[in-house]
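Worksheet for the structure shown next.
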Amino acid sequence: MKKLLCLIFLCLALILTGCNQTLPLANCTRDSENIGGSISFKYNKSTGEIFIGGENEQIQYYEKNIARGWQEGGNRIGLKFVAPSMVKEYETGSISIQGKTISSGDFYQEVNGQKTGEAIIYPLIKNIEEVIEIKITWQDGSEEQVYKVIIKEGTQLMQQKNT
């Protein structure tokens, strides 16, 4: 009887506190426009590390673009994340990057009014030594995943053109 009560208490505690679902890391590629320019890209899906650039490669500079959500000009790269296949609910979740959080599933791309399982982001690269962390929770009840953007040694940042 004592074991049964302990088992019931344990099950109740798990239900009340909730168990976050562990999902596999997402697929990640460059965005279809190759924002950032013609630079090398390598993604290690087992670690979530994204390697950008290389010796004498340049990350392009882009002007401020409110339509894309770019509040300031700077060097950017476009990354496309495809949610794991288990994600079925696209109205929740969040992405945190560089001190900004996008929540309520607003990061998912839409096609004909339907949200897809794709998220495209454009991190601002200010310092090539900085490792940029991207934290994604795909939907309510899933664990947060951490991806790291690493700019490889020798990569350069294109300068803003003076007009």
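Just so it is clear, none of the values below were taken in a lab; they were calculated from the coordinates. Being a predicted model, the structure only gives us computed values, none of them experimental. Here the Cβ positions follow ideal geometry from the backbone for every residue, glycine too, while neighbour counts run over all protein chains shown.
Worth pointing out:
- Mean ellipticity per residue at 222 nm, deg cm²/dmol - from DSSP H runs of n ≥ 4 across the chain, formula -39500 (n - 2.57): -3500 deg cm²/dmol
- Extension gain (nm, one decimal) between GLN156 and GLN58, 0.36 nm per residue minus Cα-Cα: 34.8 nm
- When each of LYS135/LYS161; LYS115/LYS161; LYS45/LYS126 is checked by Cα-Cα distance, pairs over 27 Å: LYS135/LYS161; LYS115/LYS161
- Taking other residues whose beta carbon is less than 12 angstrom from the beta carbon of GLU49, and scoring Lys, Arg as +1 and Asp, Glu as -1, yields +3.
- Normalised by 2.2 N^0.38 Å, where N is the number of residues, the C-alpha radius of gyration of the stretch 62-105 stands at 1.42.
- Cα-based Rg / Dmax (Å) for the stretch 113-163: 15.6, 49
- Evaluated with a Cβ-only charge set (Lys, Arg +1; Asp, Glu -1), the chain carries a dipole of roughly 320 debye about its Cα centre, given to the nearest 20.
- Structure remark: mean-square fluctuation, Gaussian network model of the chain, C-alpha springs under 10 Å; the largest value among LYS42, LYS100, LYS115 belongs to LYS100.
- Nearest 10 degrees, 0 to 90: helix 2-17 Cα axis against the chain principal axis: 30
- Overall Cα dimensions of the chain - principal axes, largest extent first, Å: 79, 37, 25
- Isotropic mean projected area of the C-alpha convex hull, the stretch 33-86 (nm²): 5.2
- Cβ-based net charge around CYS28, under 13 Å, with every Lys or Arg adding one and every Asp or Glu removing one: +2
- √(5λ) per eigenvalue of the Cα gyration tensor, the stretch 77-163, largest first, Å: 28, 15, 11
- Charge sum, other residues only, whose C-beta stays under 14 Å from GLN98's C-beta, Lys/Arg counted +1 and Asp/Glu -1: +2
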